[in-house]
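Undergrad: The following block contains the structure, expressed as structure tokens.
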Amino acid sequence: MIIGAVLIFTWLILLLRYPAKALPVSLAAAIGLAVVAGFVVWEDKRDASRLERLQLRVNYAPQQCPVGKPLLVLIDNSNDVPLKELRWKVAAYASGDTVNLADDTYTAPRYRGPGELLPGSQWQDCLPLPPLRNGYRAQTLEFRAERLQGTFSD
């Protein structure tokens, strides 16, 4: 942090002392920084729109899944590019409620999708429940995937 302050202070001194030479260099650096920032924002929006088109359903299905992994997860990639990696958190809600009943502890399971999911294909797996707050049963809750983070290949 102190290095950044020293750099800014030095740049201001050079700009005041030698404006004819420092101003064009500063303008070029600002344009370069704006181009890089624009590219990063564009890439983030592109990935966010691709994650919105990804369908991820989480259902409590102990009849279809083995013991210890009662959450049935179905991912449908409706994008035109392959999904390389996907991570998410599972939230649990009582019907009609907005309070997340899944405890987000250090020992909570980390949820990851398939390694690569081609466009138009589906993936399903059974995963463990997140730790729930005391007094709630998984049968009475609805589960949702939240905080999706993913990468796509271009």
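Every read-out reported here was derived from the displayed coordinates using simple, explicitly stated rules and does not represent laboratory data. Keep in mind that this is a model prediction, so the values were computed, not measured. No Cβ is skipped: glycine too gets one built from the backbone with ideal geometry, and neighbour counts run over all protein chains shown.
Undergrad: Before we move on, is Asp104 part of a loop (DSSP other than H, G, I, E, B), touching a Lys or Arg at 6+ places or on another chain (Cβ under 9 Å), farther than 22 Å from Asp154 by Cβ and acidic (Asp, Glu)?
TA: Here the answer is yes, as Asp104 does meet what is asked.
Undergrad: Follow-up question, since we're still on this one. Considering each of Pro66, Pro62, Pro70, Pro82 in turn, give the residue that is touching a Ser or Thr at 6+ places or on another chain (Cβ under 8 Å) and not basic (Lys, Arg).
TA: Selected residue: Pro82, the only one of Pro66, Pro62, Pro70, Pro82 that is touching a Ser or Thr at 6+ places or on another chain (Cβ under 8 Å) and not basic (Lys, Arg).
Undergrad: What is the residue count in segment 130-154 for residues that are assigned to a strand (DSSP E or B) and either of a type in the set (Asp, Glu) or touching a Cys at 6+ places or on another chain (Cβ under 8 Å) (or both)?
TA: Counting residues in segment 130-154 that are assigned to a strand (DSSP E or B) and either of a type in the set (Asp, Glu) or touching a Cys at 6+ places or on another chain (Cβ under 8 Å) (or both) gives 2.
Undergrad: Moving to a separate point now. I'd like to check something: does segment 73-86 contain any residue that is farther than 30 Å from Ser153 by Cβ and in contact with a Phe, Trp or Tyr (Cβ under 8 Å, 6 or more places away or on another chain)?
TA: Checking segment 73-86: not a single residue is farther than 30 Å from Ser153 by Cβ and in contact with a Phe, Trp or Tyr (Cβ under 8 Å, 6 or more places away or on another chain).
Undergrad: Please specify each residue of segment 56-86 satisfying the condition of being farther than 21 Å from Gln139 by Cα and surrounded by 14 or more Cβ atoms within 10 Å (Cβ to Cβ).
TA: Passing the criteria: Ile75, Asp76, Asn77, Asn79, Pro82, Leu83, Lys84, Glu85, Leu86.
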